[in-house]
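A short worksheet on the structure shown next.
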Amino acid sequence: MRISAYAERLLRGLDTIDWTESLKETQRNWIGRSEGASMWFNVDGHNDLKFEIFTTRPDTIFGVSYMTLAPEHEMVKEIVTDEYRDAIEKYISDTSKRSERERMAEVDKVSGQFTGAYAIHPFSGEKIQIWIGDYVLASYGTGAVMAVPAHDSRDHAFAKKFGLPILQVINPKDELGEDFDIQEESFDSKEGTIINSDFITSMEVKEAIAEVIAQVEEMGIGKGKINYRLRDAVFSRQRYWGEPFPVYYVNGLPQMIENEHLPVVLPEVEKYLPTETGEPPLGNAIVWAWDTELNKVVENDKIDDEKIFPLELNTMPGWAGSSWYFLRYMDAGNSEEFVSKESESYWGSVDLYIGGSEHATGHLLYSRFWYKFLKDMGYVSNEEPFKKLINQGMILGTSAFVYRVKDTNKFVSKGLKDQFDVTPIHADVNMVVNNELDVDAFKAWREEYNDAEFILEGDKYICGSEVEKMSKSKYNVVSPDVIVEDFGADALRLYEMFLGPLEQYKPWKTDGISGVYNFLKKLWRLYHNNDAFEVSDVEPSKEALKTLHKTIKKVREDIEKFSFNTSVSTFMIAVNELGAQKCNSRAILEPLAVIVAPYAPHIAEELWQKLGHSDSVSVVDFPTHNEEYLKENDHTYPIMFNGKRRFELTFPIDANPKEMETVVLAHEKTIAQLNGRAPKKVIIVPKKIINVVG
RNA sequence: GCCCAGGUGGUGGAAUUGGUAGACACGCUGGACUUAAAAUCCAGUGGGCAGUAAUGCCCGUAUGGGUUCAAGUCCCAUCCUGGGUACCA
């Protein structure tokens with residue numbers, strides 16, 4: 001699939017979507033756009049031979065001291081001289097044996113071999129040695145580079161190892177100083193002035209790049225070029241299960257099954273594993289042949305290669321479905337097209353996508369690619385599939401540790417463990433409450449611990465703890481079912497939100513759930529007197545209205561920002577305040593149930609019913625706040641001296657700053673603070689602070 | 001190595017545009033109710049110093065500098081943690 005053809009659009013599109021910067025950056029790096037030039041070099045003594053290199057630094061053309069080809073480069077065998085033939089062949093066979101993994105692990109290891117051949121410098125006409133080296137990748141650019149050791153760290157390492165010349169052609173910007181030793185370290189930055197470089201000498205780097213490109217284009221030996229790191233991908237999956245290709249083989253040649261006979265449905269198999277002969281899992285199927293007369297899938301043993309043929313065993317890769325499944329939701333019942341024009345134009349692209357960042361360079365890049373392709377084909381109308389994307393953080397587990405004294409069956413409490421030689425062991429978190437181990441449960445946990453002994457602190461065994469991914473092997477898995485059983489689904493839902501920001505990784509600690517559980521109980525009590533449901537129709541108090549409306553305002557803002565943890569805090573504050581106000585006014589409690597509903601739907605629904613409604617709380621309009629109720633008559637200002645708060649004063653909201661200043665300066669505490677000094681300045685920020693400078 | 005995100009009490013976290021750091025909650029301490037426990041409610045809770053107390057002062061958002069009347073927030077440098085990436089010319 002030629003995703004590389006969309007590289008530029010995939011890159012530019014990133015500027016138009018509301019995704020996290022880190023995710024966009026990962027995609028940018030993966031696409032890997034680099035701007036430079038491709039140039040042709042002639043080979044000395046071979047009039048008919050020339051080769052192409054790609055460089056992002058044409059400005060360093062006069063610093064070239066050798067050329068490097070990838071070992072796999074097709075020209076190597078033609079140019080190698082007899083003297084070096086054996087050495088080159090040995091090097092090629094050695095590097096081909098090294099697996100990609102080895103090459104990755106040995107990045108620092110520099111290796112290479114001279115070919116005996118020379119290239120001709122296009123401007124100076126000088127002869128330049130041609131080497132091969134496995135730091136040049138055959139699959140990127142042209143598989144050949146012009147090596148400028150003075151200004152490229154990899155070329156520098158290579159040159160140093162093989163004693164090749166290092167020619168400086170850029171003078172670093174002043175602050176890096178004269179004492180920069182180019183023989184010791186390369187200068188890769190583009191901040192500097194060109195030296196020793198014929199017609200580009202004394203130009204700035206940027207200028208020189210453009211000038212060299214113009215010159216080689218005029219000479220017909222090169223041109224400006226943009227390269228991408230992004231590679232095309234094979235549309236197939238060998239080892240796993242996936243959507244089947246509607247393809248069968250006649251004499252080994254693939255044939256497409258006609259549209260009208262689709263879909264081809266996957267067969268039943270015993271196991272989803274490759275066959276013993278190494279074929280894909282579909283090779284295990286016994287009903288996987290195509291009958292060209294009946295136009296259906298039939299048993300393999302009927303294959304006669306005349307009317308009945310074998311079907312393709314490879315399947316489609318994961319992104320065959322994941323790249324566009326969301327479009328199908330718009331028109332799931334449509335049996336003619338994946339989505340109708342009407343549905344597509346109604347729904348458009350996805351407004352909000354919540355997903356993990358681990359899909360940055362796979363699913364999320366391919367989805368964008370497919371979507372752009374579908375747009376080009378006229379099937380969808382937007383350029384990007386996911387307008388906004390949030391990476392949700394993972395809920396981590398809090399592991400508990402007990403400390404076994406080495407070579408014994410004794411366990412020492414955390415506070416005393418430093419007095420012994422101990423091994424930390426994961427204990428099941430379900431046996432631990434507030435870091436205290438249920439000793440009997442631990443003994444019963446496993447046979448080997450039945451007669452364990454404990455060295456306690458006071459009368460308790462205190463466990464150590466550590467935050468890790470939830471995993472069975474770490475015994476830190478907390479099942480949501482158990483939480484729902486103990487506290488209810490609303491408490492679970494609220495607590496997950498309350499733990500912290502949506503995008504953040506955060507540790508689960510069951511102990512903390514009592515906070516939201518208490519909140520739910522307090523909420524319930526607002527609508528009840530003892531156990532009886534009781535709300536009144538009396539006019540709500542000013543304070544209650546203020547509490548309600550500031551809550552509505554804040555929660556609406558939080559929802560816009562996906563800041564659900566602060567919403568939950570806001571509800572807690574509201575319920576605490578209304579409780580203190582002894583509010584049980586219907587005019588307050590009805591809208592309260594509505595705004596709580598998205599967060600704690602079960603309890604809200606039940607309260608809504610008790611309030612006498614027969615429809616669901618989820619279909620009621622979300623209330624809007626009224627600024628009238630939020631108006632303050634006065635504001636309590638911190639009185640600060642040189643930025644340090646010393647006391648507070650309350651002023652009417654519309655107080656004149658001049659008058660406020662007079663009152664502040666006349667205050668006895670101000671006089672005490674100033675201690676005889678004259679204030680230089682008084683800064684008054686309305687509804688914020690008053691700062692006296694002096 | 002490079003790129004990105006982050007570092008705030010005992011803990012999870014809050015803090016609008018630079019404007020009272022620590023909201024809310026957990027935990028902890030003390031108290032009320034109770035024969036007792038659970039549940040519930042009330043009060044306190046960043047650290048330090050002084051004071052019988054009211055209160056006052058100093059320090060404090062990873063570290064060191066800087067800008068500002070004022071910095072968790074802005075700038076520079078450093079350290080640490082998490083994630084991504086791996087010779088891409």
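Since every read-out is calculated from the coordinates, none of them should be taken as a lab result. Predicted, not measured: the structure shown is a model, and the values here were computed from it. Glycine also receives a Cβ, built like all others from the backbone with ideal geometry; neighbour counts cover every protein chain displayed.
Just a few scattered comments:
- Rounded to the nearest Hz, the phi-derived 3J(HN,Hα) couplings of region A:674-687 under the Karplus curve 6.51 cos²θ - 1.76 cosθ + 1.60 (θ = phi - 60°) are 6, 6, x, 6, 8, x, 7, 7, 10, 9, 10, 9, x, 6, where x marks glycine and proline.
- Relative packing of peptides A:497-503, A:352-358 - highest average C-beta neighbours within 10 Å first: A:497-503, A:352-358
- Here the simple spin-label model places points 7 Å from the Cα toward Cβ, and for A:V433 and A:H261 these points are separated by 6.7 nm.
- Sorting A:463-476, A:379-392 by average packing, meaning the other beta carbons within 10 Å per residue, from highest down gives A:379-392, A:463-476.
- Values of log10 I(q)/I(0), in the order q = 0.14, 0.15, 0.22 Å⁻¹, for region A:1-88 under a Debye, Cα-only, solvent-free model: -0.75, -0.80, -1.12
- In summary, the aspartates and glutamates within cross-link reach of A:K50, defined as a Cα separation below 19 angstrom excluding same-chain residues under 8 places away, comprise A:E72, A:E74, A:E78, A:E126, A:E217, A:E218.
- Simple point charges give the picture: +1 on the Cβ of Lys and Arg, -1 on the Cβ of Asp and Glu, and for chain A a dipole about the Cα centre of about 2620 debye.
- Where the Cα pairs of chain A fall when distances are cut into 10 Å bins, in %: 2, 9, 11, 14, 17, 18, 15, 9, 4, 1, 0, 0
- Site pair A:K644 and A:N529 shows an inter-label distance of 5.4 nm when each label is modelled 7 Å from Cα along Cα→Cβ.
- In terms of distances greater than 18 angstrom between alpha carbons, the cross-link table entries A:K522/A:K561; A:K388/A:K506; A:K77/A:K223; A:K387/A:K561 yield A:K522/A:K561; A:K388/A:K506; A:K77/A:K223.
- Alpha-carbon centroids, region A:483-526 and region A:357-383: separation in whole Å: 37
- Paramagnetic reach from A:K410 in region A:445-478 [backbone N under 20 Å; point 7 Å along Cα→Cβ]: A:448-464
- Available extension along the chain between A:S340 and A:E383 is 13.7 nm, counting 0.36 nm per residue and deducting the alpha carbon span.
- Phi to ³J(HN,Hα) by Karplus 6.51 cos²θ - 1.76 cosθ + 1.60 over region A:52-63, Hz, x for Gly, Pro: 9, 10, 10, 9, 8, 10, x, 5, 9, 4, 7, x
- Semi-axis lengths (Å, descending) of the ellipsoid that matches the C-alpha gyration tensor of region A:34-227: 27, 20, 15
- For a label point 7 Å along the Cα-to-beta-carbon line of A:T292, residues of region A:306-326 with backbone N under 16 Å: A:306-312
- Hydrodynamic radius of region A:549-590 per Kirkwood, over alpha carbon pairs, in Å: 10.8
- Farthest toward the positive end of the dipole of chain A, out of A:S4, A:Y475, A:V339, is the Cα of A:Y475, where the dipole comes from beta carbon charges about the Cα centre.
- Modelled spin-label separation between A:D15 and A:E279, with each label point placed 7 Å from Cα along the Cα-to-Cβ direction: 5.2 nm.
- Total formal charge among the other residues, if their Cβ is under 9 angstrom from that of A:D18, Lys/Arg +1 and Asp/Glu -1: +2
- For peptides A:115-122, A:630-637, sequence by mean Cβ density within 10 Å, most packed first: A:115-122, A:630-637
- Positive-end residue, region A:582-694 charge dipole about Cα centroid, Cβ charges, pick of A:W608, A:H625, A:P598: A:H625
- Rg over Rh [alpha-carbon atoms, Kirkwood Rh] for region A:483-629: 0.95
- Whichever lysines have a C-alpha closer than 27 Å to that of A:K680, once near sequence neighbours (fewer than 8 apart) are set aside: A:K644, A:K658, A:K669, A:K688
- Residue-averaged [θ]222 nm for chain A, counting only DSSP H segments that reach four residues, each worth -39500 (n - 2.57): -9000 deg cm²/dmol
- Estimated FRET transfer efficiency (A:E466, A:E184; beta-carbon r; R0 51 Å; 0.05): 0.70
- Residues A:E632 and A:D511, FRET efficiency given R0 of 41 Å [Cβ-Cβ distance, rounded to 0.05]: 0.60
- Where both bridge residues fall in chain A, DSSP classifies roughly 80% of the beta bridges as antiparallel.
- If you wrap the tightest convex hull around every Cα atom of region A:634-693 and split its volume per residue, you get 68 Å³.
- Spatial separation of Cα centroids for region A:416-437 and region A:594-671, in angstrom: 46
- Of A:N642, A:G224, A:L674, farthest towards positive along the dipole that unit charges on Lys, Arg, Asp, Glu beta carbons give chain A: A:L674
- 0 to 90° range, to nearest 10: angle between helix A:657-666 axis and chain A longest Cα axis: 70
- Counted by Cβ distance under 15 Å from A:D86, the other residues give a net charge of -1, where Lys and Arg count +1 and Asp and Glu count -1.
- Kirkwood hydrodynamic radius over Cα pairs of region A:235-294, then Stokes diffusion coefficient at 10 °C and 1.306 mPa s, in µm²/s: 125
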